[in-house]
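Here is the structure we will look at, set down as structure tokens.
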């Protein structure tokens with residue numbers, strides 16, 4: 001009888017398997033017992049081979065099926081058999097020769113098949129002396145020793161297994177031998193392709209026993225179970241922060257080292273994770289692989305599509321246990337919880353200001369560095385965040401996607417709409433602890449607290465004037481720089497504020513959108529209406545501390561204080577005459593320029609604004625004595641205004657002469 005080399009190897013492995021099995025049960029295998037076991041297997045093969053002379057024979061074990069060759073008589077037949085067996089072994093390896101009869105899983109190597117069978121037998125052969133974990137002991141021990149014997153020749157990265165090095169080399173070579181039949185996406189590993197196919201089939205074979213959540217990978221389920229158990233086995237050596245996954249710990253260490261190993265070849269932007277780089281590349285390629293089945297909106301990430309579907313379903317799966325507020329995304333719930341706990345784990349190293357999210361800290365750091373990486377393509381204005389650029393672009397496009405359902409007013413941001421809705425509902429959720437004044441926005445409350453503390457955190461380096469709001473400080477700096485970025489398209493007049501330009505345009509259009517409910521007088525600005533209403537209510541909230549005189553406006557009080565202090569801050573550059581108000585200086589400048597910008601509508605005479613009112617009395621008096629005024633009440637009113645104006649003129653002239 002002739003036994004091929006392959007069959008002989010199989011018998012040796014089976015015998016050694018018996019040896020290891022007996023060692024685990026405490027039974028010592030003797031030399032005679034080993035020989036006896038080997039002889040039994042030989043006889044089993046011999047009997048099977050004789051019963052199928054010169055035909056296909058089968059070597060059977062408890063769970064193994066393997067095709068072998070037939071017996072041969074001559075030496076020539078033996079030689080041919082060796083060649084045939086080598087070819088069959090190669091073919092068997094290519095065709096998954098080893099098949100498990102329990103789960104029908106196939107293997108190309110007997111060693112892998114043997115390891116797999118121990119799973120069904122419930123008798124793993126090798127136990128780790130350190131952690132008692134069972135499995136591939138040789139590879140597992142390297143975890144404890146830290147040994148990584150397989151080194152990449154390109155980047156010097158080390159691995160514990162040769163297979164891992166093999167997969168890693170495909171990153172450098174770009175080889176992706178496994179291709180999806182549906183979308184033609186390619187992968188470096190067959191296991192990646194197998195998991196990817198579940199995206200198309202929707203299969204999620206791994207289910208959580210606690211919450212019934214399903215997963216495409218067993219590793220994902222394993223990590224998920226840690227959320228139920230509260231396990232965080234991976235700890236940072238620098239800050240002791242703990243993580244459920246080793247990869248999360250690795251990415252976290254980059255925050256301490258500042259390392260960003262993955263770089264975009266197009267714009268050189270760097271990332272801490274390969275997945276982030278891959279998603280970033282969709283921006284350059286213009287790829288949006290994930291489409292909403294309801295509104296056909298496309299996304300670069302599947303997670304973005306999942307979150308988007310909640311806008312159609314109205315579902316908010318993550319709920320706060322304190323205030324029952326619900327969220328679409330889990331990380332937003334996490335950030336929200338910091339409001340209740342007061343935790344602000346991210347601290348600025350420059351000014352020690354703390355933040356609830358790393359993104360907020362990242363944006364804050366740009367204040368110190370002056371970095372503004374996001375630039376508008378229309379006006380070249382730069383911004384610290386992509387969100388600010390997005391909102392800015394709506395100024396150029398005129399887009400206002402958020403509309404109020406009550407008054408149809410539209411807004412560029414959802415936050416603005418949310419605050420606006422409080423005006424309809426009468427909600428003022430933010431209250432001052434000192435005076436109980438309530439506000440619709442948290443920022444308004446923060447600015448209000450400065451009125452009690454007297455704090456003005458922003459100071460001008462030129463004139464040392466201090467401000468509460470950064471926006472006011474920004475506008476003030478334009479006085480020193482002379483910057484006026486907003487220009488009128490009709491008369492080319494320029495302004496420091498966009499709101500000033502908006503109000504100015506109403507001069508050309510004649511629009512007066514703000515109307516008094518008492519006398520129906522209309523105004524171009526809401527502030528003007530607010531001041532006007534104090535005439536009807538008699539309210540004068542601003543009081544002089546010296547003479548107790550009250551005023552309707554703060555700027556009127558400020559100008560009045562110049563009388564007590566004797567201060568005249570506005571000076572003429574031509575004749576050095578000084579004034580208490582800037583408007584007085586502007587009118588004075590007409591004397592030097594001989595400019596008369598205001599014209600009388602009756603006689604077309606050009607005069608300065610301060611003389612226009614007095615000039616109109618000439619026409620009023622002519623109208624009075626010519627008999628054009630027939631109403632007695634109008635007649636009395638004209639006489640009263642005329643006498644009052646004459647008295648003012650006489651008083652001012654007398655004061656000037658004195």
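Both radii are taken from the alpha-carbon atoms of region 518-594; with Rh as the Kirkwood radius, Rg/Rh is 1.09. Remark on region 345-492: Rg and Dmax equal 18.4, 53 Å (Cα only). Computed from label points 7 Å out along Cα-Cβ, the spacing between residue 509 and residue 154 is 6.1 nm. Note on residue 318/residue 291: beta-carbon distance plugged into 1/(1 + (r/R0)^6) with R0 of 30 Å gives a FRET efficiency of 0.75. For region 232-310, the relative contact order comes to 14 percent (Cα pairs under 8 Å, sequence separation of at least 6). Packing-based ranking of 450-459, 304-313 yields 304-313, 450-459, ordered from highest to lowest mean Cβ neighbour count within 10 Å. With coordinates expressed along the principal axes, the C-alpha atoms belonging to region 126-284 extend over 48, 38, 33 Å, beginning with the largest. Using equal-weight Cα scatterers in the Debye expression, the normalised intensity of region 232-310 in log10 at q = 0.16, 0.19, 0.21, 0.25 Å⁻¹ is -0.77, -0.88, -0.93, -1.04. Reported to the nearest whole Å, the Cα centre-to-centre distance from region 290-364 to region 151-189 is 34. Per residue, the convex hull around the alpha carbon atoms of region 451-525 comes to 122 Å³. Give me the percent of Cα-Cα pairs in region 286-363 that sit more than 16 Å apart, rounded to a whole number. Roughly 62 percent, rounded to a whole number. Indicate the gyration tensor shape class of region 143-220 (rounded, prolate or oblate), computed on the Cα atoms with a ≥ b ≥ c the square roots of the eigenvalues: a/c under 1.5 is rounded; otherwise a/b larger than b/c is prolate and the rest oblate. Oblate, because a/c is 1.5 or more while a/b does not exceed b/c.
The packing ranking of peptides 462-469, 358-365, highest mean first, is 358-365, 462-469, where packing means the average number of other beta carbon atoms within 10 angstrom of each residue. With the convex hull drawn over the C-alpha atoms of region 323-410, the volume per residue is 149 Å³.
Rule-based calculations on the coordinates, nothing more; no lab input. If you're wondering where the values come from, they're calculated on a predicted model, not measured in any experiment. Quick reminder, even Gly has a Cβ in these numbers, built from the backbone with ideal geometry, and neighbours come from all protein chains shown.
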